[in-house]
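The numbers here are math on the coordinates, done by the rules we state, and not lab data. What you are looking at is a predicted structure, and each value in this text was computed from that prediction instead of being measured. Here Cβ is always computed from backbone atoms with ideal geometry, including for glycine, and neighbour counts include all displayed protein chains.
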Amino acid sequence: MRVVAITHGADVGPELLGDVIREGGHELVEWDIGVRGAPGDGHDAVLVLGGSQNVGEEHEHPWLREEYDFLQRALADGTPLLGVCLGAETLAHAAGGLVEKAAAPFLGFFPTELTTAGREDPVLGALPHRFEALNANGYTCRVPPHGVALARSGPLTQAFRVGERAWGVQFHPEVRRDQIVGWFEQDGMLTDDLRHAVDAGISAWQALGRALGRAFLRAASR
């Protein structure tokens, strides 16, 4: 398969998910939408990664409108799609869901539970029924109309599906340790406790992230 990974900056690439794609013998094309505009046709699956931008900031980042249009076309075409963090939020917005600023940043590991639909889902079902999800969120999104909630942390939607072939996850299955610590440092949010939590949990988390990536590729190839 040819997988295009839409990125929103230099430090928010596909990382571990990219490793999984290449290890599976697939082609990975990284595409910075802010520089190049929306990708054209010729791909079999799509990743949409995170970023410091947010839904509602279209004046500062006009390419967000291109991303929404691209996602709506992907949904209409049934293109397999996985949105991560900002990618989940732009997917939710494109599908008619509400995206809003969180009451407080959601940083670090949070207890997360699959819904009944999540346990039966071909992608999220690759994860344990309960797990600690690594987040770096300032915004949240609600499940879009006609979407299905797949995982939650209390009231927070952690994962959802739109249709049969588009998934959004608020957590970060792709991250490397230094990458996410760097995000927290840049935002002035890194504490000793947060650093220790990342160090203690990152290895187990990356194993789950790889499992999720492999499950997405299996679902995309069907």
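Using the crude model of +1 on Lys and Arg Cβ and -1 on Asp and Glu Cβ, and no other charge, please compute the dipole size for the chain relative to its Cα centre, in debye to 20.
So the magnitude is around 760 debye.
For Rg and Dmax of the Cα atoms in Å, the choices are (i) 15.8, 46; (ii) 34.6, 115; (iii) 19.4, 64; which was calculated from the structure?
Label (i) holds the value from this structure.
May I ask you to sort L28, L212 by Cβ crowding, counting other Cβ atoms within 10 Å and putting the fewest first?
Arranged by neighbour count, lowest to highest, L28, L212 become L28, L212.
So for the chain, taking the charge dipole from beta-carbon charges (+1 Lys/Arg, -1 Asp/Glu), which of G96, A200, L217 sits furthest toward the positive end?
L217
Could you list I33, I21, I6 so that the one with the fewest beta carbons within 10 Å of its beta carbon is first and the one with the most is last?
On the way: I33 21, I21 24, I6 27.
Arranged by neighbour count, lowest to highest, I33, I21, I6 become I33, I21, I6.
Each label point is 7 Å from the Cα along the Cα-to-Cβ direction; what then is the distance between the points at D69 and E113, in nm?
Distance between label points: 4.3 nm.
Tally the DSSP beta bridges in region 2-221 and give the antiparallel ones as a percent, rounded to 5.
60 percent
Determine, for H129, H61, the number of other Cβ atoms within 10 Å of each Cβ, and report the residues in order from fewest to most.
Least to most surrounded, the residues fall as H129, H61.
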